[in-house]
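This report refers to the structure that appears directly beneath it.
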Amino acid sequence: MNLDSILKDVKSVGISGHVRPDGDCVGSTLGLYNYICKYYPGIDCKLYLERIPDCFYFLNRAKEIIHVPEDKVYDVYFALDCGDLGRLGAFADIFTKARHKVCIDHHKSNSGFADEGLIVPGKSSTSELIFELLPKDRIDRDIAEALYTGIVHDTGVFQYSCTTAATMSAAGFLMERGIDYSAIVDHTYYEKTIEQNKVLAYAINKAELVLDGAVIKSVITKDDMTRFGVTPLELDGIINQLRITKGVEVAIFLYESGDNEYKVSLRSKRKVDLSEIALKFGGGGHERAAGATMRGTPDEIFEKLEEEIRHRL
Ligand code: 5GP
Ligand code: MN
């Protein structure tokens, strides 16, 4: 894929990432958005995302993100970090209407829904893919901050098995662009509000081990969120803490997202391919990190997931 040929003679560009934007979604879209705004000032470029977590607002141009779809036909539209059209949420229509649709993504479950795609499941993050696409002499501090943030989040601070030597050299290059890499990790990845820490402690406290300790599971209801004063955006770190429990292969975390409906997060350590399981329930993701939205009570959902996990252990 050649970005500069995609952008040649183009007048308008739209960019979106997935619903419930995470660090890689925000980092990759803002990286590309900053690049186009700076080096293609003649292009009318807009970035559309759902509300993003507060910790990402320090990134350049984050305040320009538009949160509601518009009735517009773009020459080119980029869907980043999205494995299927549904992941664009309210922005699926504006993407579909665009004259040329481009997808840049690293999900194993990617359904190939654009006119042109750069889909590399082995990559740590969409931010690393954007890094590879951009001319290196044009990666300034603002772009570097966004892409570094994205890589940090999808690798769990360079911890997960998706981290490669290429990821580390991309991160090294970005560090040399004058970014405050230590503050980015601290401020966007580790820092929690007291409310987040308390709801994390509560979720860990009520977690249960099943399948001889190979699976850990926990759930947060809407009532819990009200009681702790948090929104779904602030439940991000819980699945990671569950995952690192000694002896565990798979962690399952649910939060109530609607009537009789739960958002499911799955993480595995070495064996279980979660993208397969998530796909079975209408979701998707990677081998080691996947998700879906499922209907039923928490017990019913846990039972379905455990059934799928049991024969893969
Ligand atoms: P998380 O558990 O952090 O929400 O998501 C883990 C991974 O699975 C992410 O890469 C995310 O994009 C993917 N994922 C989570 N939920 C869904 C979903 O409902 N559908 C699809 N296609 N992917 C999901
Ligand atoms: Mn990603």
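The values are calculated or read from the model by the stated rules, or taken from the named source; none is laboratory data. None of the values given here were measured: they were computed from a predicted structure. Glycine gets a Cβ as well: all are built from the backbone with ideal geometry, and neighbour counts include every protein chain shown.
Overview of values
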{"quantity": "Filter result for the condition that a residue is surrounded by fewer than 17 Cβ atoms within 10 Å (Cβ to Cβ), closer than 28 Å to GLY296 by Cβ, among the aliphatic types (A, V, I, L, M) and in the same structural domain as GLN241 (by TED's automatic domain parsing), over ALA207, ALA201, ALA214", "calculated": "ALA201"}
{"quantity": "Test: ALA170 is surrounded by 14 or more Cβ atoms within 10 Å (Cβ to Cβ), in the same structural domain as HIS107 (by TED's automatic domain parsing) and modelled with pLDDT of 95 or more", "calculated": "yes"}
{"quantity": "Residue satisfying all of: in region 60-101; within 16 Å of ligand 2 (Cβ to nearest atom) and among the aliphatic types (A, V, I, L, M); farthest from ASN34 (Cα to Cα) among these", "calculated": "LEU88"}
{"quantity": "Residue in region 4-15 that is within 16 Å of ligand 2 (Cβ to nearest atom) and in contact with a Pro (Cβ under 8 Å, 6 or more places away or on another chain) present", "calculated": "no"}
{"quantity": "Within region 215-253, considering residues that are within 13 Å of GLN196 (Cα to Cα) and small (Gly, Ala, Ser), the one modelled with the lowest pLDDT", "calculated": "GLY237"}
{"quantity": "ARG20, sole failed condition from (1) part of a helix (DSSP H, G or I); (2) within 16 Å of ligand 2 (Cβ to nearest atom)", "calculated": "(1)"}
{"quantity": "Any helices (runs of 4 or more DSSP H) falling wholly within region 214-284 and containing at least 2 residues that are farther than 24 Å from GLU307 by Cβ, without any contact (Cβ under 8 Å) to a residue 12 or more places away in the chain and more than 10 Å from ligand 1 (Cβ to nearest atom)", "calculated": "222-228"}
{"quantity": "Qualifying positions in region 79-104 - outside any helix (DSSP H, G or I) and either within 16 Å of ligand 1 (Cβ to nearest atom) or in the same structural domain as GLY284 (by TED's automatic domain parsing) (or both)", "calculated": "ALA79, LEU80, ASP81, CYS82, GLY83, ASP84, CYS103, ILE104"}
{"quantity": "Given (1) of a type in the set (S, T, N, Q); (2) within 18 Å of ASP259 (Cα to Cα); (3) in contact with a Phe, Trp or Tyr (Cβ under 9 Å, 6 or more places away or on another chain), number of the condition THR226 does not satisfy", "calculated": "(3)"}
